[in-house]
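Participant: Pasting in a structure now, in structure tokens, and then I'll have a few things to ask.
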Amino acid sequence: MKVLAVATVTAAGEPRVSALDGHFLHGTWTFSTAGDSAKAGHLERRPAISVAHIDGEEMALFSHGNADRLPPGPELDEVDAHWTEHYGSSPFSWGDDVRMYRLRMTWAVAYAFERDRLLASRGITA
């Protein structure tokens, strides 16, 4: 789990950013929000978003794309199982209208201040 800054846009074209829990699965972010939240309303009407994960000054991942609401089926089941294992309960038990999304990236860039040291600290050799 990583904290994401997720930016949406209002009907008036005004940007809105908030923090969400994000899980990076199969090369993209998954995140959830309550169905009655402003963020859910923005995503349903204007799914274009920007997402940033920044880990201090060590690394960052910036991406743009569209938020796709996950429909019932195997992909949603897999995401729910992952989140349930992480949190100890299904996100769908947290409220009456929990919505799960995946980011369909159209652009992304990563930054690492000391790339080799960062990779080595995670057991990865360049």
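The values are calculated or read from the model by the stated rules, or taken from the named source; none is laboratory data. Not measured: the values here are computed from a predicted model. Don't worry about glycine lacking a Cβ; one is built from the backbone with ideal geometry, like all the others, and counts go over all protein chains shown.
Participant: Name the pairs: first residue in segment 6-18 and in contact (Cβ under 8 Å) with a residue 12 or more places away in the chain, second residue among the polar types (S, T, N, Q), Cβ to Cβ under 6 Å, at least 6 apart or on different chains?
Facilitator: Listed by first residue and then by second, the contacts come to ALA7/SER50; ARG16/THR8.
Participant: Please find, within segment 22-36, the residue that is nearest to PHE92 (Cα to Cα) out of those that are surrounded by 15 or more Cβ atoms within 10 Å (Cβ to Cβ) and out of contact with any Asp or Glu (no Cβ under 8 Å at 6 or more places or on another chain).
Facilitator: It comes out as THR33.
Participant: Find all pairs meeting these conditions: Cβ atoms under 8 angstrom apart; at least six residues apart or on different chains; first residue within segment 101-121 and touching a residue at least 60 places away in the same chain (Cβ under 8 Å); second residue of a type in the set (Phe, Trp, Tyr).
Facilitator: Within 8 Å, the pairs are TYR101/PHE31; ARG102/TRP29; LEU103/TRP29; LEU103/PHE31.
Participant: Please go through segment 97-126 and give me each residue that is in a strand (DSSP E or B), loosely packed, with under 11 Cβ neighbours inside 10 Å and hydrophobic (A, V, I, L, M, F, W, C), ordered by number.
Facilitator: TRP107, VAL109
Participant: Taking segment 8-47 as the region of interest, how many residues are part of a strand (DSSP E or B) and under 22 Å from PRO71 (Cα atoms)?
Facilitator: 14
Participant: Being touching a helix residue (DSSP H, G or I) at 6+ places or on another chain (Cβ under 7 Å) and not aliphatic (A, V, I, L, M) is the filter here; which residues of segment 94-114 pass it?
Facilitator: Our first condition is that a residue be touching a helix residue (DSSP H, G or I) at 6+ places or on another chain (Cβ under 7 Å); within segment 94-114, this holds for 98-101, 112.
Once the filter is applied, which keeps residues that are touching a helix residue (DSSP H, G or I) at 6+ places or on another chain (Cβ under 7 Å) and not aliphatic (A, V, I, L, M), segment 94-114 yields ARG99, TYR101.
Participant: Next up: Just to be sure, is HIS42 buried (at least 17 other Cβ atoms within 10 Å of the Cβ), in contact with a Ser or Thr (Cβ under 7 Å, 6 or more places away or on another chain) and not small (Gly, Ala, Ser)?
Facilitator: Yes.
Participant: Let me ask another. So, in segment 70-94, exactly how many residues are surrounded by 14 or more Cβ atoms within 10 Å (Cβ to Cβ) and closer than 18 Å to GLY35 by Cβ?
Facilitator: Here the count works out to 7.
Participant: Something else about it: From ALA110, ALA34, which residue is under 21 Å from THR8 (Cα atoms), at pLDDT below 95 and out of contact with any Cys (no Cβ under 8 Å at 6 or more places or on another chain)?
Facilitator: ALA110
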